[in-house]
Amino acid sequence: MTENTHTNEPHVLPLSIYLGIGSILIFLTAGTVYAAGIDFGAYNLLIAMAIATIKASLVAMYFMHLKYDNKLYLLLFLSAIVFLAIFIVITMFDTLRRGDIYEIKSGAIRDAVIYDSLPADTTTHAIADSLSISTDTTDVVIDTTH
Amino acid sequence: MNKMPETHYLNCKKGIKSWLTTVDHKRIGILYLLSIMFFFFVGGMFAVLLRLELLTPDKLYIDSDMYNQFFTLHGAIMIFLFIIPAIPAILGNFILPIMIGAKDVAFPRLNLASWYIYMVGALFAVFSLVAGGVDTGWTFYTPYSTTTSTSVISITLGAFILGFSSICTGLNFIVTVHKLRSPGMTWFKMPLFVWGMYATALIQVLAAPVLGITLLLLIIERVVGIGIFDPAMGGDPVLYQHFFWFYSHPAVYIMILPGMAIISEMITAHSHKKIFGYKAIAYSSLGIAFASFIVWGHHMFTSGQSELAAMIFSFLTFFVAIPSGIKVFNWVATLYKGSIAFTTPMLYTLAFLFLFSIGGLTGIFLGALSVDIHLHDTYFIVAHFHYVMVGGTVIAFLGGLHHWWPKMWGRMYNETLAKISCGLIFVGFNMTFFTQFIMGAQGMPRRYHLYDEAFRPFHAFSTYGSWVMAVGFCLMAYYLIRSLYNGKPAGNNPWGALTHEWQITSPPPEHNFETIPITDHGPYDYDKVVAKSTLTEN
């Protein structure tokens, strides 16, 4: 098999790199704690996630050796992240937009009468009288255009 | 006259212990064959009993609670214990390593472990059967599954464990295909069966963990009440459906892709014709694998998910039709000017093309958002997925079983009985399920125990069809088992095919090849290489 260029010898990094990356991780953790105390409004989540992503990438690249390993493993790792992202993003198209009302339905809802409380007399006739519409069923025309 | 080889993988070691501790991929394939066919029988019995109950609009012999349990167990057993593992674990295990010229899979012990994990998962499923059954449907939707008093935990734990078996098999195949191909077997000289198994394995490894975590969440929800799916505690029951279908829609392709892989082999071997569009078929397998991950929400059009998400999913769903269509057209084009032999595997192949096309095209109806609103939860859906899963996967599996049966056991089955059985299954299947398209379109809801008198003729005809199918399956069991004792020896290559498995003895020797074979021609080079059938040359 010619594609197997990976050797089984362990890849050893100098201690200084481990310590350096470790320091950056601690620094970024402090950054997360510091940022949590400041209100960035809509950017709160974005900033926290950005720092966390940088930290996770450093761990994967240096501590898990993906930076130096066969690029196939990097591809596998990234593809797992892509699939996770697909799952979360498309699910959020549902969870964030559930209950949204589009133009095709909005007319009927806009024209509807909404009571804060029911009228004292809740019979059909009383409600119809208050809306000035006929209760004679022969006159009722159901509008199905919307 | 062909003769059986003196020693082969079946008789090289003796005793039950040699089977239970074997790491030979062929023997593990046979262990899977026995256990999976047992559960196919159990799931099939539930199907026949269900159809019998539906013969009349009123109660015939079981009450509604029992009816709910029957359809749940039919679905759960057929999906998790039969159709998902069937082709990869039986035929994939047996054939794939030989096809690529390897002596075994990359991790033989892991392979045996996956069978034991399968059996442990199956035990949990059987336990739920005897411990009062389950009545949620095979999808275990919340909130009902978190509140019903039936044995939801044990069967979901079973499915959770079965997922690990699936992952082990998938991982094994990926590494095997990458690392153990024989010299000369480049990616585009691999048989399409291997491509199909590879695409399936990718889905297994990527999707099955999601099922695992989903079912685990469901169990935690039931036991501890964390509220992730409970609106009263800020949870979301529809989120369960997202989790579930993110695995289970790709799982549909875990079921159908191996079926398609088998069809590619059979259609070339039994028409002695080079496959039309090799690369298109290979890439379309990967295309289906990818597309399978972005369409799950089409199972949820009426669940209350946002209209935006429903529109996106409907749009994306149509993309699946493209690679599926590519395959079907390529298979049909392969037949053109081939020297077609109407053997049993070829009959199954033709049946597949017919039934899968109906299943696939009705899938396009259902992928269209507006049509689905009308047809959702009717028998139209039941008919659609049975046309894909039975008409597609099971028919391909049966074809594959007949195609490789002589290789597995070294003996031929009775061709006449096999063709009669194939015909009975084909006719019975269409009687059972085409009827369901009609009554579904007329509004007959699925999963109803009692139904309107107007649907009686349809249900009755559907039930009669299930009996025809059952007779076909019983006949198949008879002649296949009989062939083990007095079938005539098949010789190395009864179909005159070109892939590696047909160049070794039937049954294969313990380690497949004495020396690793060199692949010097493509798997379907029938225009360049002549391979004679060992059946006709005698």
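The values are calculated or read from the model by the stated rules, or taken from the named source; none is laboratory data. As the structure is a prediction and not an experimental result, all values here were calculated from the model. Don't worry about glycine lacking a Cβ; one is built from the backbone with ideal geometry, like all the others, and counts go over all protein chains shown.
Observations on the model:
- Number of the exception - A:ILE38 against (1) free of Cβ contacts under 8 Å to residues at least 40 places away in the same chain; (2) more than 14 Å from chain B (Cβ to nearest Cβ); (3) assigned to a helix (DSSP H, G or I): (3)
- Pairing each residue of region B:175-198 that is of a type in the set (D, E, K, R) with any residue that is modelled with pLDDT of 95 or more, provided the two are 6+ apart or on different chains, yields C-beta distances under 6 Å for B:LYS179/B:ALA106; B:ARG181/B:ILE100.
Residues checked against (1) at pLDDT 85 or above; (2) among the hydroxyl-bearing types (Ser, Thr, Tyr); (3) not in a helix (DSSP H, G or I):
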position	(1), (2), (3)
A:GLY99	no, no, yes
A:SER106	no, yes, no
A:ARG110	no, no, no
A:ASP116	no, no, yes
A:THR122	no, yes, yes
A:SER134	no, yes, yes
A:ILE142	no, no, yes
A:THR145	no, yes, yes
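- Unique match (being touching a Leu at 6+ places or on another chain (Cβ under 7 Å) and aliphatic (A, V, I, L, M)) among B:VAL295, B:VAL224: B:VAL295
- Residue within region B:260-270 that is among the charged types (D, E, K, R) and over 23 Å from B:PHE354 (Cα atoms) present: no
- Yes/no for B:LEU123 being touching a residue at least 24 places away in the same chain (Cβ under 8 Å), closer than 25 Å to B:LYS17 by Cβ and buried (at least 20 other Cβ atoms within 10 Å of the Cβ): no
- Which numbered condition B:LEU286 fails, given (1) part of a helix (DSSP H, G or I); (2) more than 14 Å from chain A (Cβ to nearest Cβ); (3) of a type outside the set (Phe, Trp, Tyr); (4) surrounded by fewer than 21 Cβ atoms within 10 Å (Cβ to Cβ): (2)
- The lone criterion from (1) surrounded by 19 or more Cβ atoms within 10 Å (Cβ to Cβ); (2) at pLDDT 95 or above left unmet by B:PHE342 is number (1).
- Filter pass, B:PHE313 being within 23 Å of the chain's Cα centre (by Cα), within 11 Å of chain A (Cβ to nearest Cβ), without any contact (Cβ under 8 Å) to a residue 60 or more places away in the chain and not in a loop (DSSP other than H, G, I, E, B): no
- None of B:HIS384, B:HIS449 is more than 22 Å from B:THR56 (Cα to Cα) and touching a Ser or Thr at 6+ places or on another chain (Cβ under 6 Å) except B:HIS384.
- Cβ-Cβ under 7 Å pairs, at least 6 apart or on other chains, region B:320-346 side over 19 Å from B:LEU257 (Cα atoms), far side basic (Lys, Arg): B:GLY338/B:LYS273; B:THR344/B:LYS419
- Against the list (1) hydroxyl-bearing (Ser, Thr, Tyr); (2) touching a helix residue (DSSP H, G or I) at 6+ places or on another chain (Cβ under 6 Å); (3) assigned to a helix (DSSP H, G or I), the condition B:THR176 fails is (2).
- Condition check for B:VAL177 on (1) at pLDDT below 95; (2) under 30 Å from B:ALA280 (Cβ atoms); (3) among the hydrophobic types (A, V, I, L, M, F, W, C): one failure, at (1).
- In region B:247-274, the residues that are surrounded by fewer than 24 Cβ atoms within 10 Å (Cβ to Cβ) and more than 18 Å from the chain's Cα centre (by Cα): B:SER271, B:HIS272, B:LYS273, B:LYS274
- Test: residue in region B:479-486 that is part of a helix (DSSP H, G or I), under 30 Å from B:ILE373 (Cα atoms) and polar (S, T, N, Q): no
- Residues that are under 19 Å from the mean Cα position of the chain (by Cα) and among the small types (Gly, Ala, Ser), drawn from region B:174-220: B:GLY196, B:ALA199, B:ALA201, B:ALA207, B:ALA208
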